[in-house]
Amino acid sequence: MSENRKITRRRFLRLLAVVGSFGSILPINALAYSAGLKDEKTRHFANRLIDIFNDKRSASIVGRAYLDYAPHEADVRTLVAKICGSHKQYLNSAGKDDDALDKLILESHRNDFANGRTVKVSGWVLSRTEARLSALTAILLG
Amino acid sequence: MLIDARQVTKGTTVETDVCIIGAGAAGITLEREFNGQSFDVCLLESGGFEFDKKIQSLYDGPNVGHSYFPLDSTRLRYFGGTTNHWQGACIPLSEIDFEVRDWVPYSGWPITRSDLIPYYHRALAVCEIGPFDFRAETWGSDDKPPQKFASNRLINTVIQESPPTRFGKKYRKEVIDAPNIDTYLHANVLEIEANENAQSIVRLHVTSLEENTFFVKAKIFILATGGIENARMLLLSDGVQKTGLCNQNDLVGRFFMDHPVYETGYIFPTHFNQKFYGWYRRDFDDDGRKGELLISGYLKASDQAMRENELLHGSFRFELLHMRDISKGVNSLREIVKGIKKGDLPDEFMDALGNVIHDIDDVALLGYRKLTGKQDTIFRLISWSEHCPNPDSRVSLHTKLDELGQRQVKLDWRLNDQVRDNIIRMHEILSEELGRAGLGRLRLDIDTESDNWLSSFRGSNHHMGTTRMHNDPSKGVVDANCRAHGVENLYIAGSSVFPTSGQANPTFTIVALALRMADRIKELLV
């Protein structure tokens with residue numbers, strides 16, 4: 001339990017830093033869709049998204065495998081738009097706190113499976129959301 | 001009374017009321033039902049009480065189709081028949097299995113599940129299993145809960161595990177002591193002789209390996225030699241109908257089915273959960289028997305999912321792969337999976353995938369993050385499918401002769417693309433349900449892009465369909481009572497009469513159908 005509290009605190013502090021960079025609590029859907037979104041802000045938001053992963057190195061390995069399958073998605077803006085793009089109804093509620101974003105990602109992930117939006121990565125059937133989050137991690141980690 | 005056919009004088013004619021050919025699950029069940037009746041019964045069994053290599057070789061024959069078990073080992077030719085090596089899985093067919101389904105060619109039985117229910121109930125005692133209840137909610141417990149899914153596309157159900165009943169041992173004394181039954185061991189039927197218009201059976205030509213051919217006359221003959229041999233016996237009996245007895249419509253031997261099984265899928269669980277596995281496990285000791293475990297759970301497609309997706313009847317069973325279960329020298333999950341499919345995965349991929357899944361599904365399951373240890377378990381997915389009825393999948397006669405001078409059987413087992421497509425769709429459904437529930441991820445290893453997909457499949461030793469049941473004589477060999485179309489005194493017992501296979505192991509239904517036939521015969525003779 002203490003570990004979980006520690007993680008939450010850590011993530012809370014990280015959230016504060018991210019929020020600070022945007023200057024306010026974000027209407028995330030606008031970020032995801034906006035063609036005029038600044039690269040720096042997109043990158044900040046992308047970093048928030050991949051914070052779902054405790055082990056980013058692992059996510060990066062899976063992400064590279066996904067990008068072998070979908071090389072046309074290999075840039076941050078495309079991936080952020082695709083991860084968030086079809087779920088704007090949830091995005092308005094995100095950005096307020098860490099858990100809200102987790103819930104958003106989880107919702108997208110579950111909806112992917114419920115609606116057959118899956119992709120095979122090295123034979124494993126993954127949700128599009130988790131595969132793209134992994135790909136995002138691979139790109140951001142370089 | 002027990003009679004050694006090797007001692008019967010050549011040319012003798014045995015006269016009886018009912019003659020049963022074959023002492024397997026169907027034959028012995030029929031014999032027990034006839035015990036003490038007012039009519040006489042003669043049972044002919046090719047083998048003795050123990051396995052005999054020379055007699056077993058009479059089952060030999062080539063397979064020219066999809067890879068299959070050797071024909072002289074996929075069934076057993078001695079008293080008790082194939083129940084001498086069955087594993088004991090008892091499952092009734094489902095309602096949908098009996099229906100005509102537009103998307104399953106040649107589907108539909110001339111009877112319904114309701115017609116069989118009373119006989120399924122009676123078959124419980126024969127197979128030494130529990131009550132007629134195969135619902136997961138009845139058998140699940142806190143220790144072994146059936147896994148719940150978000151949709152009703154997959155449902156949990158159970159296999160009831162027979163000890164397994166070895167019919168040849170369990171019921172031997174009862175059969176031998178029956179006052180109205182003569183059991184002939186080492187008695188091989190060479191021909192079923194019909195009258196001049198093939199509308200009635202006159203007698204059987206029988207011999208032992210001692211070549212002492214004798215004859216059996218009866219009012220009623222029941223062919224119960226198994227899903228392959230039933231067809232062979234009819235095809236060999238070509239004295240009147242040159243294409244084989246009952247084969248006026250070229251149906252005998254066609255529509256051979258077995259349950260296609262493959263083991264090339266894997267589930268990577270989010271968390272290894274002993275309870276999850278507890279529900280789905282099947283345990284056997286060194287003798288192939290179950291301990292005290294009488295139930296094992298499995299997943300199958302719901303009727304609704306089958307209708308909506310036009311699926312064949314399919315099911316999933318699971319095996320646990322764990323580090324402690326695998327061979328020495330394999331010391332990580334990554335290596336296990338590399339062993340499963342060499343060279344297919346980057347070295348670190350499995351560990352990485354495990355971490356990714358944990359991270360995502362921990363959120364799903366717990367609502368907070370949890371640091372997780374290294375995943376070291378994985379489930380092997382065993383998928384069963386209904387066989388799509390196919391007239392080109394068939395049993396016929398080979399030119400090579402057996403020890404008795406009879407033409408050997410030739411098997412041409414064929415699977416079609418519908419089976420492949422069905423299994424792929426079933427896996428898609430399972431992967432979606434597992435992911436949605438946060439239970440794990442699935443890997444499917446069928447090569448869907450090439451013609452090599454068949455190499456992943458094997459059979460189940462369930463031989464079905466070669467004398468299929470249909471009310472229309474042009475579409476079936478036997479009618480709804482399992483009487484041969486056009487032949488007034490010939491009945492056929494066993495899984496050769498199944499028009500479709502469902503996904504259930506066939507023995508329980510074979511016994512139920514035999515009990516039903518026994519009632520029919522008793523009505524006729526008593």
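Starting with the highest mean, order B:124-130, B:16-22 by the number of other Cβ atoms within 10 Å, averaged over the residues of each peptide.
Working: B:124-130: 19.0, B:16-22: 25.4.
The most tightly packed comes first, giving B:16-22, B:124-130.
Name the shape class, rounded, prolate or oblate, that the alpha-carbon gyration tensor gives for the stretch B:1-119, where a ≥ b ≥ c are the square roots of its eigenvalues, rounded holds for a/c under 1.5, and otherwise prolate holds if a/b is larger than b/c and oblate otherwise. Oblate shape, in that a/c is at least 1.5 and b/c is the bigger or equal ratio.
A Förster radius of 30 Å combined with the Cβ-Cβ distance from B:Asp102 to B:Glu488 puts the calculated FRET efficiency at roughly 0.30.
Is there a simple number for the mean count of other chain Cβ atoms within 10 Å of the Cβ of residues in A:57-70, and what is it? Mind showing how you got there, number by number?
Values: counts 4, 11, 6, 2, 10, 9, 2, 3, 5, 0, 0, 0, 0, 0.
Partner Cβ neighbours, averaged per residue: 4.
Taking the DSSP bridge list for chain B and keeping only pairs wholly inside it, about 70 percent are antiparallel.
For the Cα trace of the stretch B:54-185, dividing Rg by the Kirkwood Rh returns an Rg/Rh value of 1.04. Fewest-first ordering of B:Ser383, B:Ser208 by other beta carbons within 10 Å of each residue's beta carbon gives B:Ser208, B:Ser383. Only helices enter this figure: runs of n ≥ 4 DSSP H residues, each worth -39500 (n - 2.57), summed and divided by the residues of chain B, yield -7000 deg cm²/dmol at 222 nm to the nearest 500.
Taking a 26 Å limit on the Cα-Cα distance, which of the listed pairs B:Lys173/B:Lys400; B:Lys10/B:Lys54; B:Lys219/B:Lys400 fall beyond it? Beyond 26 Å: B:Lys173/B:Lys400; B:Lys219/B:Lys400. Under the criterion of Cα pairs below 8 Å and six or more residues apart, the relative contact order for the stretch B:374-449 equals 23 percent. Considering all C-alpha pairs of chain B, those separated by over 37 Å amount to 32%.
With each label point set 7 Å from Cα along the Cα-Cβ vector, what nm distance links B:Asn197 and B:Phe49? Roughly 4.7 nm, to one decimal.
For the peptide A:99-112, the mean number of other protein chain Cβ atoms found within 10 angstrom of a residue's Cβ is 3.
Ignore the peptide's own chain and count Cβ atoms of other chains within 10 Å of each Cβ in B:432-443; give me the average, rounded. Before the final figure, lay out each step's value.
Numbers: counts 9, 2, 2, 10, 8, 2, 4, 0, 1, 8, 6, 6.
The shielding value for this peptide is 5.
Computed FRET efficiency, Cβ-Cβ of B:Ser474 and B:Leu404, R0 35 Å: what is it to the nearest 0.05? Kindly include the intermediate steps, with their values, before the conclusion.
On the way: r = 33 Å, r/R0 = 0.94.
The pair B:Ser474/B:Leu404 has a calculated efficiency of 0.60.
Counting 0.36 nm for each residue step from B:Glu263 to B:Thr138 and taking away their Cα separation leaves a gain of 42.1 nm. Averaging the sequence gap over all C-alpha pairs within less than 8 Å and six or more residues apart, then dividing by the number of residues, gives chain B a relative contact order of 25 percent. Residue ranges B:385-394, B:474-483, B:98-107 sort as B:385-394, B:474-483, B:98-107 when ordered by packing (mean number of other C-beta atoms within 10 Å per residue, highest first). Taking the number of Cβ atoms within 10 Å of each Cβ as an exposure proxy, the fewest-first ranking of B:Glu523, B:Glu310 is B:Glu523, B:Glu310. Under the simplified labelling scheme, the B:Ser73-B:Asn35 pair shows an inter-label distance of 3.4 nm, with each label point 7 Å from Cα along Cα→Cβ.
Just so you know, all these numbers are worked out from the coordinates, no wet-lab data involved. Keep in mind that what you see is a predicted model, and the values were worked out from it rather than measured. FYI the Cβ positions are ideal-geometry reconstructions off the backbone, even for glycines, and counts take in every protein chain you see.
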